[in-house]
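> Shown below is the structure under consideration.
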Amino acid sequence: MTDRTDAAPTAGGFTFFLLALAAGLGAANLYYAQPLVALIGADIGLDETLASLVVTIGQVGYILGLLLLVPLGDIVENRRLIGSILICAAVGLGLAFVASEPALFLFAALVFGVGSVVAQVAVPFAAHLARPEERGRKVGSVVSGLMTGILLARPVSSLVAHFLGWRAVFLLAALLILALAVGLRIALPQRRPATTTGGGASYGALVASLWPLMRSQPILRRRAAYQAAMFCVFTLFWTAVPLLLASPQFGFGQEGIAIFALAGAASVFISPLAGWIADRGWSRAATGAALLLAIAGFLVTELGVATSSVVVLAIGAIVLDCAATANLVFGQRAIFMLAPEIRSRLNALYIATFFLGGALGSALASPLYEVAGWGSVTLAGSAIMILALLYYATEFRRG
């Protein structure tokens with residue numbers, strides 16, 4: 001097969017659909033356990049004070065996969081790499097299904113966390129298959145799948161667990177991943193990176209290149225900083241809002257919170273539009289608009305709390321999620337226009353950086369809400385976005 005790094009693509013729409021599905025199901029693996037922590041902990045005998053580890057360990061696995069597996073996309077044939085990562089995810093999900101003690105479940109979470117990085121191999125693969133003039137739209141369609149997985153994982157796992165038990169969530173996820181692995185093996189073209197056919201680079205040198213690469217790519221650093229701030233406020237909101245909805249003011253139970261989470265799924269429709277905007281060279285102005293839109297979303301949620309209106313609160317959530325999704329597309333489109341031979345490493349650094357922002361947001365959520373209420377969440381989210389806007393303003397002072 002020819003090297004597809006710069007070749008004109010022959011992939012059809014169904015191939016991009018499968019890549020979007022891989023991104024969505026891969027990302028969803030990280031979020032299934034969030035609303036099920038209490039159920040899982042009680043069933044496997046995990047102490048309540050340690051129950052959040054069922055989520056944390058999966059995130060640790062994800063970061064390890066980002067830094068250790070995703071860069072392989074620059075030196076390993078991509079179709080084979082995606083299949084191997086999907087098998088890793090399926091094994092982890094299967095172990096979670098049968099786990100009856102904490103140690104096995106936490107090991108399973110680590111394994112399927114590593115396997116969840118398939119999303120971050122699928123997105124640059126889509127960029128390689130797309131023609132330059134449509135790259136933003138094609139990347140946007142795959143990012144739509146990724147964001148759909150993130151936004152639907154929590155409500156879907158809550159509802160499945162309600163009717164079939166928490167173990168069914170992981171069994172069904174494993175079966176879907178296995179079916180997807182077969183489908184992608186059939187549908188995806190081979191893509192051999194230039195380093196595979198031109199002498200190659202060692203794995204150690206590949207991983208060692210990550211930090212120098214971050215230092216040498218100003219566009220990567222800037223776009224990662226914007227999305228780190230955006231993902232920080234995204235996770236701040238979605239970690240704190242269940243506490244608000246469960247409070248006496250709204251009185252939602254688990255099913256109600258799951259249904260509310262579906263509101264965020266509306267934002268997936270913004271990805272193709274964001275890709276279209278990026279393809280026309282309007283990313284700089286649109287980035288500023290996205291950062292402002294995130295602040296507007298928080299202000300709308302404040303109005304929803306003041307009026308005790310769950311509808312207004314949901315509108316604020318949709319606005320915030322649209323801002324986060326659009327900014328993600330702008331960032332990935334920008335870094336994928338850089339050197340094709342390092343796209344996988346660029347993407348790994350981009351995602352790992354903004355996931356650190358997400359970790360900060362989730363860590364801040366509970367203390368802020370418990371100590372000072374929703375107003376402190378709004379204030380913190382707005383302050384973070386104002387800092388991002390100040391950094392964004394420096395783009396216009398460069399020569």
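> Return the calculated 222 nm mean residue ellipticity for the chain, to the nearest 500 deg cm²/dmol, obtained by summing -39500 (n - 2.57) across DSSP H runs with n ≥ 4 and dividing by the residue count.
Calculated at 222 nm, the ellipticity per residue is -25500 deg cm²/dmol.
> Can you give me the solvent accessible area of Val371 with a 1.4 Å probe, rounded to the nearest 10 Å²?
Here the accessible area works out near 130 Å².
> Please give the Cα centre distance for region 309-334 versus region 233-280, rounded to the nearest Å.
8 Å
> Give a residue-ordered list of calculated ³J(HN,Hα) values for region 375-385 (Karplus: 6.51 cos²θ - 1.76 cosθ + 1.60, θ = phi - 60°; whole Hz; x for Gly, Pro).
Each residue of region 375-385 in turn: x, 6, 5, 4, 5, 5, x, 5, 5, 4, 6 Hz.
> I've got another one for you. Projected onto the charge dipole of the chain (+1 at Lys/Arg Cβ, -1 at Asp/Glu Cβ, origin at the Cα centre), which of Val310, Ala126, Ile351 gives the Cα projection farthest towards the positive end?
About the Cα centre, the residue reaching furthest to the positive side is Ala126.
> Using a 1.4 Å probe on the protein heavy atoms, what percent of the accessible area of the chain belongs to carbon and sulfur?
Using a 1.4 Å probe with all protein chains present, the chain comes out at 71 percent carbon and sulfur.
> Quick one: order Ser209, Ser100 from most to least accessible surface, probe 1.4 Å.
I get Ser100, Ser209, largest accessible area first.
> I've got another one for you. I'd like the distance between the alpha-carbon centres of region 14-46 and region 120-195, rounded to an integer number of Å.
For region 14-46 versus region 120-195, the Cα centre distance is 11 Å.
> Percent of Cα-Cα pairs more than 17 Å apart in region 17-132, please.
53 percent
> Sticking with this structure for a sec: Top to bottom by accessible area (1.4 Å), largest first, where do Val54, Val305 land?
Val305, Val54
> Heavy-atom accessible area of Leu159 with all protein chains present, probe 1.4 Å, nearest 10 Å²?
Approximately 70 Å² for this residue.
> Describe numerically, in nm with one decimal, the distance between label points set 7 Å from Cα along Cα→Cβ at Leu67 and at Arg221.
Rounded to a tenth, the inter-label distance reads 2.0 nm.
> How long are the three semi-axes of the equivalent ellipsoid for region 197-261, computed from the Cα gyration tensor as the root of 5 times each eigenvalue, in whole Å, largest first?
The answer is 44, 15, 9 Å, longest axis first.
> At 1.4 Å probe size, put Arg343, Arg397 in order of accessible surface, largest to smallest.
Arg397, Arg343
> Let me ask something additional. How much space per residue, in cubic angstrom, does the convex hull of the C-alpha atoms of region 244-399 take up?
That works out to 128 Å³ per residue.
> Rounded if a/c is under 1.5, else prolate if a/b is larger than b/c, else oblate: which is region 127-186, with a ≥ b ≥ c the root eigenvalues of its Cα gyration tensor?
Judged from the Cα gyration tensor, region 127-186 comes out oblate (a/c at least 1.5, b/c at or above a/b).
> Report the far tail of the P(r) of the chain, meaning the percent of Cα-Cα pairs longer than 34 Å.
Taking all Cα-Cα pairs of the chain, the fraction more than 34 Å apart is 26 percent.
> Classify region 142-293 as rounded, prolate or oblate, taking a ≥ b ≥ c as the square roots of the eigenvalues of its Cα gyration tensor: rounded when a/c is under 1.5, otherwise prolate if a/b is larger than b/c and oblate if not.
Note, shape of region 142-293 comes out oblate.
> Of Gly61, Leu30, Ala278, which is farthest along the charge dipole of the chain in the positive direction, counting Lys and Arg as +1 and Asp and Glu as -1 at C-beta?
So the residue we want is Ala278.
The values are calculated or read from the model by the stated rules, or taken from the named source; none is laboratory data. Note that this is a predicted model, so its numbers are computed, not measured. FYI the Cβ positions are ideal-geometry reconstructions off the backbone, even for glycines, and counts take in every protein chain you see. Heads up: the accessible areas ignore ligands, DNA and RNA and are worked out on the full protein's heavy atoms, side chains in. Shrake-Rupley method; radii C 1.70, N 1.55, O 1.52, S 1.80 Å.
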